[in-house]
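The values are calculated or read from the model by the stated rules, or taken from the named source; none is laboratory data. Owing to the predicted nature of the structure, the values given are computational and were not obtained by experimental measurement. Quick reminder, even Gly has a Cβ in these numbers, built from the backbone with ideal geometry, and neighbours come from all protein chains shown. Calculation scope for accessible area: heavy atoms of the full protein, side chains included, ligands and nucleic acids excluded. Shrake-Rupley method; radii C 1.70, N 1.55, O 1.52, S 1.80 Å.
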Amino acid sequence: LKFKRSSDVPATPLGSCAHLGRPPRCRRHACVGHLLFLPPLAVVARAAFDKDDTVMRLEPASVWKHFNALCNINRCSGHEAQVADYVRKVADAEGVEWLSDSVGNLVVRRPGSGGGAAADPIIVQTQMDMACDGAEEAEGLTRGLQPLELKLREDGWAVAEKSRMGADSGVGIAVALALLDEPPEAFLPPLELLFTVQGQSDRLGAHSLNTSMLAGRHLINLDAAEHGVLFAGSAGHSRVKIRLPVSHVGLRAESHNFALTLRGLRGGHSGDEVYLGSANALVGIARAVASLRAELPGLQLIGIEGGTVDNAIPEEAVAILAMPLSALHHAREVVLEIEAGLRAEHRRTDPHLHLRLEQPEHAVDYALSEESAERLLDLILLLPNGVVRQSAEIPGSIETSHNIARVLAADAGHFEVLCLARSAMPSMLADLRMRIARVSQRVVATAMAGSSYPSWAPNRSSALLSIAQEAFRRVEGRAATLAMVHDDLEVAAILERMPDLDAVAFGPDVQGSSSPGECVKIDSVEKTWALTRRVLARLAAAEAPDGAGASAGEQPEEL
């Protein structure tokens, strides 16, 4: 058993009497009047931190202390018990109140200080979990017995080699907990530190948040992974499955099966990477088939398949065709012309694109009827695809997009088309659903709505955003980039439950987020801390900046 006298205890939450499991009898920074015992979780966290003197010398020390400790605690989504225990212990050590709801979200309340006690409470939010695959989840359960070491690279990045460290939310948690370490004279408003569960999986914490624990009207999210960018919106989504009835006929005399394949496309995430304008393999293959049928009237379409999951741009697709051997030479010439056109359109985004007419793995003796073939091609070609609308609120950001994600033969009498619509504006998301339904009706198909996720609609006139812009200028001497994420964010689910909140998100520079070898830029952690403190100090003053909202003369650099 390891005991220390109170005089030997460093001024940190991990060196405090609250870890004894009894009601705290502590001042803000030190334990008074008795010996203390550090339990296993705290011992492991401190051992990991003390092991690397270089990390311990990084600034701000309180942020790196917590971050290094968090790297040695299992935070896989759905396994947040240890990190929640760590947060509660830090809160107990500081003698502040914490609350928990039925799904495991935590709210830690720090009173205002340094003249900021009368200000409105501010919500500082971050998720407790990190993304893990199955093997890492099993390995993560043993963390604490085998500490994870942070390596500091010469180029100014901290990395956990061959492992993930959940740096975006990890730094967010560390910054939030470091606010509890601030001295009583620190100029801060009342804080409601919100730590949510399962933000990397089903976002159970945000969707099921007990909002009665919170009184704040402003929310600062610390989970962003690009320093210098203030995020002020995110796209919601709607999944749609279209079911198209088809009929079949026999092959024409002397017809043979051929496979028209489109491969070598870049693909990518249909939200984060839609701005690149990469080719959609399903749209490309439908264009090619339509062009072939125009040149070869006797060509029959047997089917089209391609795509995998709805949030990925399809990178390959195949159409099974039937034609006589006498038409093959002309068909190959047309295919070469179509390929040349596609390659010219996408030489920057998809330089390895290739279209080939090949022998199929299996041959069949039937094809779609002419009417069914035309309806299938019309459905794919008439649906919106890619970027639908740029944002007028945040110029340069994508507001609305649509991904034709997958086409397959569901059964003998139906094809299914899976779509994913995204928009930061709820009205535009509803408009996309209407357009999908109307196109479906035109081809005698049925559009069925699937799961959806709420939007975080951008508001350029947000008072909190204006404060964050002003704070960033003062901290870094330059304008922040203003952007929104064309994907789901946890903030949007919280705003759905608390629609009157004003929100902004920022964080450090993270590369390889949620991947082995993930790293975080060291100086961006200090800058994130400085920005957080300045924003909170401005809010503690309980004053709106002159001309709340971005003024005409001080427009931020924009994506």
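At-a-glance table
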| quantity | calculated |
| --- | --- |
| Flag for Val318 being among the hydrophobic types (A, V, I, L, M, F, W, C), in contact with an Asp or Glu (Cβ under 7 Å, 6 or more places away or on another chain) and not in a loop (DSSP other than H, G, I, E, B) | yes |
| Residue within the stretch 214-235 that is part of a helix (DSSP H, G or I), charged (D, E, K, R), within 20 Å of Glu518 (Cβ to Cβ) and at pLDDT below 95 present | no |
| Filter result for Ala117 (more than 27 Å from Phe231 (Cβ to Cβ), of a type in the set (A, V, I, L, M) and either open to solvent by 10 Å² or more (accessible area, probe 1.4 Å) or part of a loop (DSSP other than H, G, I, E, B) (or both)) | yes |
| The stretch 349-381 - residue that is under 31 Å from the mean Cα position of the chain (by Cα) and in contact (Cβ under 8 Å) with a residue 40 or more places away in the chain and, of those, most open to solvent (accessible area, probe 1.4 Å) | His352 |
| Scan of the stretch 76-105 for residues that are touching a residue at least 40 places away in the same chain (Cβ under 8 Å), among the charged types (D, E, K, R) and within 24 Å of Glu182 (Cβ to Cβ), ordered by number | Asp85, Lys89, Asp92, Glu94 |
| Qualifying residue in the stretch 37-49 (condition: in a strand (DSSP E or B), modelled with pLDDT of 90 or more, surrounded by fewer than 23 Cβ atoms within 10 Å (Cβ to Cβ) and among the aromatic types (Phe, Trp, Tyr)) | no |
| Leu355 vs. criteria hydrophobic (A, V, I, L, M, F, W, C) and either over 16 Å from Leu265 (Cβ atoms) or assigned to a helix (DSSP H, G or I) (or both) | no |
| Selection count, the stretch 200-213, where residues are in a loop (DSSP other than H, G, I, E, B) and under 15 Å from Leu495 (Cβ atoms) | 3 |
| Output for the stretch 271-308, where each listed residue is in contact with a strand residue (DSSP E or B) (Cβ under 7 Å, 6 or more places away or on another chain), open to solvent by 50 Å² or more (accessible area, probe 1.4 Å) and at pLDDT below 95 | Tyr275, Thr308 |
| Leading residue by the ranking (most open to solvent (accessible area, probe 1.4 Å)) among those in the stretch 70-112 that are assigned to a strand (DSSP E or B) and in contact with an Asp or Glu (Cβ under 7 Å, 6 or more places away or on another chain) | Arg109 |
| Residue within the stretch 230-241 that is open to solvent by 10 Å² or more (accessible area, probe 1.4 Å), closer than 30 Å to Thr126 by Cα, under 25 Å from the mean Cα position of the chain (by Cα) and among the aliphatic types (A, V, I, L, M) present | no |
| Failed criterion for Ala206 (all others in (1) open to solvent by 10 Å² or more (accessible area, probe 1.4 Å); (2) farther than 20 Å from Ala537 by Cα; (3) modelled with pLDDT of 85 or more hold) | (1) |
| Failed item, numbered, when Pro384 is tested on (1) part of a loop (DSSP other than H, G, I, E, B); (2) open to solvent by 30 Å² or more (accessible area, probe 1.4 Å); (3) within 30 Å of Gly298 (Cα to Cα); (4) not small (Gly, Ala, Ser) | (2) |
| Residue count for the stretch 273-313, restricted to those that are among the β-branched types (Val, Ile, Thr) and in contact with a helix residue (DSSP H, G or I) (Cβ under 8 Å, 6 or more places away or on another chain) | 4 |
| Residue satisfying condition, being more than 14 Å from Val83 (Cα to Cα), modelled with pLDDT of 90 or more, of a type in the set (D, E, K, R) and exposed (fewer than 15 other Cβ atoms within 10 Å of the Cβ), within set Glu154, Glu192, Glu161, Glu185 | Glu185 |
| Count of residues meeting criterion [of a type in the set (Val, Ile, Thr), within 25 Å of the chain's Cα centre (by Cα) and under 23 Å from Leu262 (Cα atoms)] in the stretch 392-416 | 1 |
| Residues satisfying the stated conditions in the stretch 437-470, i.e. closer than 26 Å to Pro499 by Cα and more than 25 Å from the chain's Cα centre (by Cα) | Glu470 |
| Contacts under 6 angstrom Cβ, first residue in the stretch 456-479 being in contact (Cβ under 8 Å) with a residue 24 or more places away in the chain and of a type in the set (D, E, K, R), partner surrounded by 24 or more Cβ atoms within 10 Å (Cβ to Cβ) and not in a helix (DSSP H, G or I), 6 or more apart | none |
| Filter result (among the charged types (D, E, K, R) and more than 22 Å from the chain's Cα centre (by Cα)) within the stretch 417-433 | Asp431, Arg433 |
